[in-house]
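The values are calculated or read from the model by the stated rules, or taken from the named source; none is laboratory data. Computed from a prediction, not measured in an experiment: that's the story for all the values here. Using ideal geometry, Cβ is built from the backbone for each residue, glycine included, and neighbour counts are taken over all protein chains shown.
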Amino acid sequence: MQEEGFIDYQKVLNNEEHAIKSTQSVIEKAIDWFRSKSMFVLAYGTGCGAIEMPPTFTSRYDIERLGVVGVATPRQADILIVSGYCSYKTLKRVIRSYEQMNEPKYVIALGSCTINGGMYWDSYNTIKRLEDYIPVDMFVNGCMPRPDALIEGFVKLQDNIKNAKKEAGYIKYNRDREFYKSNQRKILGDNIEPRYEADFLL
């Protein structure tokens, strides 16, 4: 009898554990849904694609109705848009802005320049593949992508966040940090500001 009571008690505990796990998954799903409907974009035009961003955010296309708004600083932003070609000097600022953003954070890259260098593929001072230096969550191709293409990119990213369809770039950046940092050092040298690791060691 005592053994049967123990087995019954164990079943109750297992059911409680299952209920807690299912509740956590429901909560996580809710958080992902809310996160996908509240996307703060850093107002920072890095390349020629920045010209397509004002009409996307203003009355004709009005992307704010989808929960996408612009913010002034990396500390407030969830999304960094790299809008076209990226010179070495710009890359340094892009990396700095990305690292100042709080997690979870995402990167949308516009145009062929961010994918393979585009028309600058043989330039001496622009990068070929943005994804070698920071992780990209969504590419929007075209030269340059129209506002409706940019909106489609946001909608796809929202779907990925909401349904956890793809590993987020910031997770890859933390896991494969040495890969990204070694590529950054090849272009920018050892003195990449801000040097967070050095600051923490002091």
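Counting only residues that are at pLDDT 90 or above and not in a strand (DSSP E or B), region 102-115 holds 1 of them.
No other residue among I187, I134 is at pLDDT 85 or above, surrounded by fewer than 18 Cβ atoms within 10 Å (Cβ to Cβ) and aliphatic (A, V, I, L, M) apart from I187. Here is the figure for region 135-163: residues that are assigned to a loop (DSSP other than H, G, I, E, B) and either over 22 Å from S38 (Cβ atoms) or out of contact with any strand residue (DSSP E or B) (no Cβ under 9 Å at 6 or more places or on another chain) (or both) total 6.
Applying a threshold of 8 Å to beta carbon distances and a minimum spacing of six or more residues, or different chains, the list of pairs starting in region 46-73 at a residue that is farther than 21 Å from C143 by Cβ and ending at one that is modelled with pLDDT under 85 and basic (K, R) reads L66/K37; G67/K37.
State whether one or more residues within region 117-126 are in contact (Cβ under 8 Å) with a residue 24 or more places away in the chain, within 18 Å of the chain's Cα centre (by Cα), at negative phi and not in a strand (DSSP E or B). No, every residue in region 117-126 fails to be in contact (Cβ under 8 Å) with a residue 24 or more places away in the chain, within 18 Å of the chain's Cα centre (by Cα), at negative phi and not in a strand (DSSP E or B). Here the condition is being hydrophobic (A, V, I, L, M, F, W, C) and exposed (fewer than 14 other Cβ atoms within 10 Å of the Cβ); of A149, A164, A109, it holds for A164 alone. Looking only at residues in region 78-106 that are within 21 Å of R146 (Cβ to Cβ) and touching a Lys or Arg at 6+ places or on another chain (Cβ under 8 Å), the one that is surrounded by the fewest Cβ atoms within 10 Å (Cβ to Cβ) is I79. For region 174-184, residues that are without any contact (Cβ under 8 Å) to a residue 60 or more places away in the chain and either crowded, with 17+ Cβ neighbours inside 10 Å or within 13 Å of D137 (Cβ to Cβ) (or both) total 1. With the structure loaded, tell me whether K166 is at pLDDT below 85 and either under 22 Å from D137 (Cβ atoms) or in contact with a strand residue (DSSP E or B) (Cβ under 7 Å, 6 or more places away or on another chain) (or both) or whether it fails that test. Taking the combined requirement at face value, the residue satisfies it. Regarding region 54-65, can at least one residue be identified that is within 22 Å of I187 (Cβ to Cβ) and surrounded by 14 or more Cβ atoms within 10 Å (Cβ to Cβ)? Checked against the condition, which is being within 22 Å of I187 (Cβ to Cβ) and surrounded by 14 or more Cβ atoms within 10 Å (Cβ to Cβ), region 54-65 yields no hits at all. Counting only residues that are modelled with pLDDT under 85 and crowded, with 18+ Cβ neighbours inside 10 Å, region 35-51 holds 6 of them.
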